[in-house]
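A.B. asks: Below: one structure in structure tokens.
The values are calculated or read from the model by the stated rules, or taken from the named source; none is laboratory data. These figures come from a predicted structure and were not determined experimentally. Heads up, the Cβs are rebuilt from the backbone with ideal geometry, glycines too, and the neighbour counts pull from every protein chain shown. Keep in mind that these areas ignore ligands, DNA and RNA; they rest on the heavy atoms of the full protein, side chains included. Shrake-Rupley method; radii C 1.70, N 1.55, O 1.52, S 1.80 Å.
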Amino acid sequence: MYIIMLGAPGAGKGTQADILSQEMNLPHIASGDLFRQALEKRTDVGLLAKSHMDKGELVPDEITIKMILERIDQPDCASGCLFDGFPRTLQQAKALDKALKEQGRTIDKAIYIEVPDEELVKRLSGRWLCRTCQTPYHITNSPPKTPGKCDRCGGELYQRSDDREETVKERLNVFLAQTVPILDYYEKQGKLIRVNGNLEMQGVARQIISALTASMSH
Ligand code: AMP
């Protein structure tokens with residue numbers, strides 16, 4: 001299965017993709033993580049992406065699409081994967097459809113995790129991530145057992161530079177202007193599943209799993 005996780009920054013796409021990826025045994029493909037990894041390796045793509053990420057803007061479609069299509073050509077994605085953070089524009093959605101279609105594959109479902117704006121800002125400004133395994137924490141909602149250390153792997157926790165309040169607002173604007181139109185694109189294809197993301201993590205996961213199970217039995 002090829003599944004897309006959609007939602008504003010801070011909606012919980014990464015967290016839910018992690019849960020689903022274990023539940024369904026599918027690789028988790030996160031475009032933002034791929035850009036951050038490229039930046040750590042100081043590649044051209046990584047350095048170019050950083051200039052856009054720091055401003056809360058999207059990285060140009062051409063670069064993003066190329067990176068993702070190369071990633072899904074890897075053998076682990078041959079029978080499916082979970083997309084997290086991609087597509088974010090109509091052009092990306094269409095390019096993904098075209099590439100999958102050429103190989104006789106297709107997107108099965110797009111899951112839209114809905115969260116009110118004021119909750120998104122609260123979540124992002126308190127977010128800390130593990131540098132090693134990317135597990136997210138929140139200073140008040142889900143703090144780590146030991147401050148600054150990942151419960152799962154002991155890695156160092158850090159705050160993303162684009163989680164500052166100014167950049168967060170720009171990322172939300174970008175989501176509304178550029179990503180919201182693709183909800184309609186998947187809705188028209190009968191692939192959109194909407195879930196309430198303003199619940200605790202397990203409650204959101206239960207909604208997603210039951211909606212997917214129901215859609216598969218049809
Ligand atoms: P994320 O980790 O998904 O919040 O992504 C962090 C940043 O990476 C975004 O604010 C964008 O600058 C960039 N990015 C991630 N995915 C995409 C995408 N599909 N298209 C364009 N830019 C992206």
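A.B. asks: Could you list all residues from the range 44-55 that are surrounded by fewer than 16 Cβ atoms within 10 Å (Cβ to Cβ) and either away from the ligand (no atom under 11 Å from the Cβ) or basic (K, R) (or both)?
C.D. replies: Listed by number, the residues that qualify are D44, L47, K55.
Residue by residue, here is whether (1) away from the ligand (no atom under 16 Å from the Cβ); (2) open to solvent by 60 Å² or more (accessible area, probe 1.4 Å) holds:
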position	(1), (2)
H28	no, no
L34	no, no
A38	no, no
E57	no, yes
I65	no, no
L69	no, no
Q74	yes, yes
F83	no, no
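A.B. asks: Exactly one condition in (1) surrounded by 14 or more Cβ atoms within 10 Å (Cβ to Cβ); (2) at pLDDT below 95; (3) hydrophobic (A, V, I, L, M, F, W, C); (4) touching a Lys or Arg at 6+ places or on another chain (Cβ under 7 Å) is false for I107; which is it?
C.D. replies: The number of the failed condition is (2).
A.B. asks: Just give me the residues in the range 167-201 being open to solvent by less than 30 Å² (accessible area, probe 1.4 Å), of a type outside the set (S, T, N, Q) and within 16 Å of the ligand (Cβ to nearest atom), in sequence order.
C.D. replies: If the condition is that a residue be open to solvent by less than 30 Å² (accessible area, probe 1.4 Å), of a type outside the set (S, T, N, Q) and within 16 Å of the ligand (Cβ to nearest atom), then V168, R171, L172, V174, F175, I182, L183, Y186, G197 are the ones that fit.
A.B. asks: Okay, moving on. With a cut-off of at least 2 residues that are farther than 22 Å from Y137 by Cα and of a type in the set (V, I, T), name the helices (runs of 4 or more DSSP H) lying wholly within the range 1-110. Step through it out loud before you land on a result.
C.D. replies: On the way: elements: 13-24, 31-40, 44-53, 61-72, 90-102.
So the answer is 61-72.
A.B. asks: Also, quick follow-up: In this structure, does T213 turn out to be hydroxyl-bearing (S, T, Y) and open to solvent by 70 Å² or more (accessible area, probe 1.4 Å)?
C.D. replies: Yes; evaluated as a whole, the condition is true for this residue.
A.B. asks: In the range 143-166, which residues are of a type in the set (D, E), open to solvent by 100 Å² or more (accessible area, probe 1.4 Å) and modelled with pLDDT of 95 or more? Spell out the reasoning first.
C.D. replies: Of the range 143-166, the ones of a type in the set (D, E) are 151, 156, 162-163, 165-166.
Now restrict to residues that are open to solvent by 100 Å² or more (accessible area, probe 1.4 Å): 156, 165-166.
Matches in the range 143-166: E156 only.
A.B. asks: Could you tell me which of the residues L90, L96 is open to solvent by less than 10 Å² (accessible area, probe 1.4 Å), within 16 Å of the ligand (Cβ to nearest atom) and either on the phi > 0 side of the Ramachandran plot or touching a Pro at 6+ places or on another chain (Cβ under 6 Å) (or both)?
C.D. replies: Checking each option against the conditions leaves just L96.
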